[in-house]
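Since the structure comes first, as structure tokens, the remarks are kept for the end.
The values are calculated or read from the model by the stated rules, or taken from the named source; none is laboratory data. Please read these numbers as outputs of a predicted model, since none were measured by experiment. Cβ atoms come from the backbone with ideal geometry, glycine included; neighbour counts cover every protein chain shown. We work out accessible area using only protein heavy atoms, side chains counted, and drop any ligands, DNA or RNA first. Shrake-Rupley method; radii C 1.70, N 1.55, O 1.52, S 1.80 Å.
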Amino acid sequence: MAETEAYVYDAVRTPRGRGKQNGALHGVKPISLVVGLIRDLRERHPELDPALVDDVVLGVVSPLGDQGSDIAKTAAIAAGLPDTVAGVQLNRFCASGLEAVNIAAQKVRSGWEDLVLAGGVESMSRVPMGSDGGAWAMDPETSFDTGFVPQGVGADLIATMEGFSREDVDSYAAQSQARAAKAWSNGYFSRSVVPVRDRNGLVVLDHDEHMRPETTVETLAGLPASFGVIGELGGFDAVALQKYHWVERIQHVHTAGNSSGIVDGASLVMVGSPRAGTLAGLTPRARIVAAAVSGADPTIMLTGPAPATRKALAKASLSIEDIDLVEMNEAFAAVVLRFAKDMNLPLDKVNVNGGAIAMGHPLGATGGMLLGTLIDELERRELRYGLATLCIGGGMGIATIIERI
């Protein structure tokens, strides 16, 4: 079959709920978050025959318990989609939601499928991060042989090597909070955010609950470093410095205030061919131009976005100067600062409406959320090209380039 374009016809997300037992979404099952988004897309597009949907692809980073047993197919059934709609879940750590979209685009561009719902879900208050285990972090022999350190230690190592001070990372975090607060107050997320409702139709949450708009550099300065104890007493600093032996000592600058927030949430992106759009009466919002993944050093772990971005740009025959807006996951402040430096990107192009430091990072869902935010803002500013990118466990990076239509 001939290769075709992959268009984004719509993108929605839930608000992000605080990922603790007192968070607004703790009592909402992850399956319900996804079903709510599927039903919203059907309401938005009543002309769409759901039988045209070939597959549902969902990223889930801790695929067990509430989130296990192929939640994508279960959600398709629970949302009332036809029995012909398939479903698959995948795990590429923090990039799972964007990887889901990229796989949907590959399915469509190959001509093998025409319409795919892709995104992700993570209910971090119900299925805590790391609860699925795995040899890399949990098996002492494997973690020692592979030079494993926790991501926060890697972020602190990046800050140390790049000379980013505690004030630098706190300043970035305060900016993220301010940008997110402004975006919410100006209604920039209103098109994409679908309120979570209970079975009686009452709103459970309609805004990103993790935000702290009153945050300042001064208030952030009072927070303790999050990874100093595990780094120094847990021996992980020593592991990292075996590889980075020219660094005398790791400066621990990352805190709960300048790292991504633990939250619950889901995202869904409708990816389809021109043919599917014509059949369903849909209008495309963006074209997926190119996508790439790359690996980098797994000990420092968080430098993969730059090589992945360069790879995607080369495939698209574009330069970084052609990119109008960038959504990069704010896993840690130093990771964004390092990426902007590596790519020679001005920060006024990056995360212009805030990011995961302010609003949170629901692991499997974040990539789909970033893409939706990017499309909304390209449309609002009438710009052309956008880039979504995330750092990933194991030293990987992912990048997706889109063009507004």
_Residues of region 342-384 that turn out to be among the β-branched types (Val, Ile, Thr) and surrounded by 24 or more Cβ atoms within 10 Å (Cβ to Cβ), as a count_ = 4
_helices (runs of 4 or more DSSP H) completely within region 154-239 that count 2 or more residues being closer than 30 Å to residue 10 by Cβ, open to solvent by less than 60 Å² (accessible area, probe 1.4 Å) and touching a helix residue (DSSP H, G or I) at 6+ places or on another chain (Cβ under 6 Å)_ = 166-185
_Only one of 13, 44 that is within 17 Å of residue 271 (Cβ to Cβ), open to solvent by less than 50 Å² (accessible area, probe 1.4 Å) and of a type in the set (Lys, Arg)_ = 13
*May I ask you to say which residue of 41, 81 is at pLDDT 95 or above and either assigned to a helix (DSSP H, G or I) or closer than 29 Å to residue 295 by Cβ (or both)?*
41
*Among residues of region 99-126, those that are surrounded by 24 or more Cβ atoms within 10 Å (Cβ to Cβ) and more than 13 Å from residue 87 (Cα to Cα), counted*: 9
*Could you pull out the residue among 35, 8 that is open to solvent by less than 20 Å² (accessible area, probe 1.4 Å), modelled with pLDDT of 95 or more and more than 27 Å from residue 391 (Cβ to Cβ)?*
35
*Do we find a residue being more than 20 Å from the chain's Cα centre (by Cα) and either within 25 Å of residue 117 (Cβ to Cβ) or at pLDDT below 95 (or both) anywhere in region 219-232?*
no
